[in-house]
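Student: Structure below; questions to follow.
The values are calculated or read from the model by the stated rules, or taken from the named source; none is laboratory data. Predicted, not measured: the structure shown is a model, and the values here were computed from it. Please note: Cβ atoms are built from the backbone with ideal geometry, for glycine as well, and neighbour counts cover all protein chains shown. Each accessible area value is taken on the protein alone, full model and side chains, heavy atoms only, with ligands, DNA and RNA left out. Shrake-Rupley method; radii C 1.70, N 1.55, O 1.52, S 1.80 Å.
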Amino acid sequence: MTDIKIIKTKIFNTNEVQHLCSESFDTEDFVYLECFENLAIYEEEVRVRSATDFAIANNCKTSSSYKAYNGKNGACTWLRSGYTTFDMWTVGYNGSLCNRYPTVAYIGACPCLNLDLKSFISARSASRDFKISTISSAGKERYRTIEIPEFQYPQSRVDGKTNRTLETLYEQGRLKKTGKTFISSCLNKGDDGSPQLEEYGAEEYEYNGKFYVRVKIGSLTVSSEYSDGSKCKKNEEFWIKVEPIKWVIRNWDDMPTSINPKGKGEAEVIRLRSEEAIICMQMNEDFGFTELTMWQNSKLRAFLNEYDIHEEIKLNGNGNKKYICEQNYSYKSKGFLSEMDHSAFIQLESITTELTLQQENQDLKN
């Protein structure tokens, strides 16, 4: 099996006064989020993102009043840019750029990562099945997505019949555990009556060659709809299918002709962003300090890259030590990279490539 390498990428981040002005605040990450400057040049309708059923089950809020180009309801999603001492930039349901506390629990995330192009072409030439699709709306091609079979994540709620079958087998102890878990969360009312977000491991099960996770909804929930039109219900438990992630190819025009027949052939990496919010997680669990509106200190950065944040900044120098957060987050060997790697397929490449704002702003309008 030929492995695909994920490239650790140098990204620019806002500093202690939420400006892009100092390299000492830059980080090198395998997985990251888009920044404010990247999206500010686009119209609102272009920026609308949807959310998977798994993200919605984890409290990601959506609005049926706004639609993404894939036809699904618009969701609120995080950007990696700080807005003020108290707020982070986000993308609203309608694609507007707005600010939210980093502690807000109903905002999703669309991870970005870069793949080494040579390793991808090598894997593709070895008869790997990489599905490339065109997303169109109003008679216009909007962007291309790619599915890599080994990059999987819980996404779609199963139909009623499948749900009943899985639930029966689960109760009878007849489903096979794969040993993989996905970090999930539910929102309940705490002892003092305030909302309390609880993380748990949603175990994966195999049934007839396919994979599923069982999720639970807390006593508090957002009023969103799943992809089948059903509403979120309090204290509900149901099944979600684990499927290949759909990634937007952000530099489609620069791809070689072996991938894009009209490509310029100038790319060295394939720059990807999940088409939908596939994760719903707080940016941070506290607010009120400048350090907590920095990407370098964020819970999301720790989860997406499987970092121990204090170790990454203090020992590895990957971030500004002067402004390191007091509260630590650690997801070593148990975060997003391990969760989505369904076949021990991913290799992490230590070589870094600088991602400038100019490069980011060359993205296809999607």
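Student: If you take the residues in region 243-267 that are farther than 29 Å from Phe303 by Cβ and of a type in the set (Val, Ile, Thr), which one is surrounded by the most Cβ atoms within 10 Å (Cβ to Cβ)?
Tutor: Ile259
Student: A follow-up question, please. So how many residues does region 163-183 have that are in a helix (DSSP H, G or I) and either buried (at least 17 other Cβ atoms within 10 Å of the Cβ) or aromatic (Phe, Trp, Tyr) (or both)?
Tutor: 3
Student: Do you know which residues across region 209-237 are closer than 16 Å to Thr162 by Cα and part of a strand (DSSP E or B)?
Tutor: Lys210, Phe211, Tyr212, Val213, Arg214, Val215, Glu237
Student: Regarding region 43-65, can at least one residue be identified that is aromatic (Phe, Trp, Tyr) and over 19 Å from the mean Cα position of the chain (by Cα)?
Tutor: No, region 43-65 contains no residue that is aromatic (Phe, Trp, Tyr) and over 19 Å from the mean Cα position of the chain (by Cα).
Student: Here's another thing I want to ask about it. Restricting attention to region 285-295, which residues are of a type outside the set (Ser, Thr, Tyr), surrounded by fewer than 24 Cβ atoms within 10 Å (Cβ to Cβ) and either on the phi < 0 side of the Ramachandran plot or part of a strand (DSSP E or B) (or both)?
Tutor: Within region 285-295, Glu285, Asp286, Phe287, Phe289, Glu291 qualify.
Student: Just the residues that are in contact (Cβ under 8 Å) with a residue 60 or more places away in the chain, charged (D, E, K, R) and farther than 25 Å from His342 by Cα, please, taken from region 177-230.
Tutor: Glu225, Asp228
Student: While we're on this one: So, in region 52-87, exactly how many residues are in a strand (DSSP E or B), more than 20 Å from Glu37 (Cα to Cα), touching a residue at least 40 places away in the same chain (Cβ under 8 Å) and open to solvent by less than 10 Å² (accessible area, probe 1.4 Å)?
Tutor: The number of residues fulfilling the criteria is 0.
Student: Another question about this same structure. So which of Ile270, Ile240, Ile278 is out of contact with any Gly (no Cβ under 8 Å at 6 or more places or on another chain), closer than 19 Å to Arg157 by Cβ, buried (at least 21 other Cβ atoms within 10 Å of the Cβ) and of a type in the set (A, V, I, L, M)?
Tutor: Ile240
Student: What are the residues in region 106-162 that are touching a Leu at 6+ places or on another chain (Cβ under 9 Å), of a type in the set (A, V, I, L, M) and in a strand (DSSP E or B), if any?
Tutor: Listed by number, the residues that qualify are Ala109, Leu113, Leu115, Ile146, Ile148.
Student: Scanning region 211-225 for residues that are touching a helix residue (DSSP H, G or I) at 6+ places or on another chain (Cβ under 9 Å) and surrounded by fewer than 21 Cβ atoms within 10 Å (Cβ to Cβ), which turns out modelled with the lowest pLDDT?
Tutor: Step by step, filter region 211-225, then rank; the result is Val222.
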